[in-house]
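Worksheet for the structure shown next.
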Amino acid sequence: MKTRASASSNGSRTRNLFPILSRKMRGHPLVYLDNGATTQKPSSVLSAMDSFYKKSYANVHRGIHTLSEEATVAYEHAHENVADFIGASSLREIVFTRGTTDSFNMLSRMLTQTFSRGDEIIVSQAEHHSNLVPWQQLAQQKGLKLSFIPYDSRTGELHWEKLEKMISKKTKVVSLTHVSNVLGFISPLKKISKLVHDHNALLSVDAAQSVARLPINVKKMGVDFLSFSGHKMYGPTASGVLYGREDLFSSLEPAYYGGDMVREVTLNKSTWNDLPWKFEPGTPPIVEGIGLGAAVDFLRAYPLEDIFSHEKKIMAHAMNGLSSLGNITIYGPSSPEQRAGVLAFNVKHVHAHDLSSLLNEDGVAIRAGHHCAMPLMTALNIPASARASFAVYTEKSDIDALVEGVRKAQTIFK
Ligand SMILES: Cc1ncc(COP(=O)(O)O)c(C=O)c1O
């Protein structure tokens, strides 16, 4: 997509780029507010994948026939596109994965040999399970200490200042979310990066909820590893990225083994391919990678600053609308300025699942549950919450439909 669009001024034009949004849901216009779980796909992404299958499809890095060469060029170009999008030095720092979860599993395996018994990994109480369980398992296997930055009920964020007291010579990795998938807060990564690096530790960041909402530059942010999913940034499922600083990637061992990631193999020994291919064994998600590249092109057409400010306006509208109903608890920072696109809430006397079912009757799709963040639910002392999450195509009228649906639920469950 060549022309620049504006997320704030072109609401319905933006919607028209997403075929599914013209669908009726139970006789109502579809109001899709489950973008934190996955975003819908623009025509440009769908047609890039369709056209690749129809015109250029073959396996990559293997054939010397024209189709394989074309596929290889397109697949490598998608890596370069992603590298440029997040401010990485080159494609050598971009490993395609199946998504954020896959990236964290891969990273924790790649780092295994760098840990010694007693070393520490710090995460937070607000992490998605995918940035918790792999570290938990690694800590158990290697005798590591896993520590947690606690939730701060005064601010609706994390107790950031506690990190300063927690971090020590033993800390090897700090792995934190950039935007919380429940609380919507934005982590102060620049400050954290300085602290982490002052202690010779590494900073890994979960950008699953931020990559399609905020401008990201890994170098300026001082991030060592960054994980995200294609399907939450208007791209296809089974696509994702693990960014890693080239000097680190060069020194780390692969997480998985097989074809394509090797340079030379004898019966007893193997040597590894160049970066990033040493971390991409077997046939990779080729078409998904092409789709991810197209999603990057789509996002480039909207300056990320515009998307961020658009979603902030939507957030303010939603927070005001829901609060005006009364008997609503909103989780996370109280100011829309400190949040990015994710709004978890509960309605007094209405279970989040019941609310979601009722809203569904009116064509409004939200998420209800623990959001794969059970330890955070424990800290908030709730079993579940409702969550509305926004995207480039979300309009104020979508929020009005949400608020009206919640109001209706309140009258039913009084
Ligand atoms: C903050 C965060 N991290 C990680 C994930 C996991 O992403 P995926 O399921 O695409 O691997 C999610 C998904 O909801 C998320 O919101």
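The values are calculated or read from the model by the stated rules, or taken from the named source; none is laboratory data. Computed from a predicted model, the values in this text were never measured in an experiment. Please note: Cβ atoms are built from the backbone with ideal geometry, for glycine as well, and neighbour counts cover all protein chains shown.
Residue 316 meets all of the listed conditions (1) part of a helix (DSSP H, G or I); (2) at pLDDT 95 or above; (3) crowded, with 18+ Cβ neighbours inside 10 Å but one, namely (3). Residues that are modelled with pLDDT under 95 and of a type in the set (D, E, K, R) within segment 356-414 comprise just one, 414.
Condition first: more than 20 Å from residue 405 (Cα to Cα), touching a residue at least 24 places away in the same chain (Cβ under 8 Å) and either hydroxyl-bearing (Ser, Thr, Tyr) or not assigned by TED's automatic domain parsing to the domain that holds residue 408 (or both). Now tell me which residues in segment 310-346 satisfy that. Listed by number, the list holds a single entry, 334. Of all the listed residues (49, 25), the sole one being in contact with a strand residue (DSSP E or B) (Cβ under 9 Å, 6 or more places away or on another chain) and more than 16 Å from the ligand (Cβ to nearest atom) is 25.
Restricting attention to segment 121-136, the residues being among the hydrophobic types (A, V, I, L, M, F, W, C), under 17 Å from the mean Cα position of the chain (by Cα) and buried (at least 22 other Cβ atoms within 10 Å of the Cβ) number 3. In segment 193-232, of all residues being assigned to a helix (DSSP H, G or I) and in contact with a helix residue (DSSP H, G or I) (Cβ under 7 Å, 6 or more places away or on another chain), the one that is farthest from the ligand (Cβ to nearest atom) corresponds to 195. Only strands (runs of 3 or more DSSP E) whose full extent lies in segment 323-414 are considered here, and the ones with at least 1 residues that are within 16 Å of the ligand (Cβ to nearest atom) are 342-347, 367-369, 385-389. Filtering segment 48-79 to residues that are in contact (Cβ under 8 Å) with a residue 24 or more places away in the chain and either among the β-branched types (Val, Ile, Thr) or assigned to a helix (DSSP H, G or I) (or both) leaves 48, 49, 52, 53, 60, 71, 74, 75, 77, 78, 79. For segment 361-376, filtering for residues that are hydrophobic (A, V, I, L, M, F, W, C) and free of Cβ contacts under 8 Å to residues at least 24 places away in the same chain leaves 1. Of all residue pairs spaced 6 or more apart or on separate chains, those with beta-carbon atoms under 9 Å, a first member in segment 247-265 that is free of Cβ contacts under 8 Å to residues at least 12 places away in the same chain and a second member that is in a loop (DSSP other than H, G, I, E, B) and acidic (Asp, Glu) are 263/274. Can you go through 80, 93, 69 and tell me which one is out of contact with any helix residue (DSSP H, G or I) (no Cβ under 9 Å at 6 or more places or on another chain) and assigned by TED's automatic domain parsing to the domain that holds residue 231? Answer to the selection: 69.
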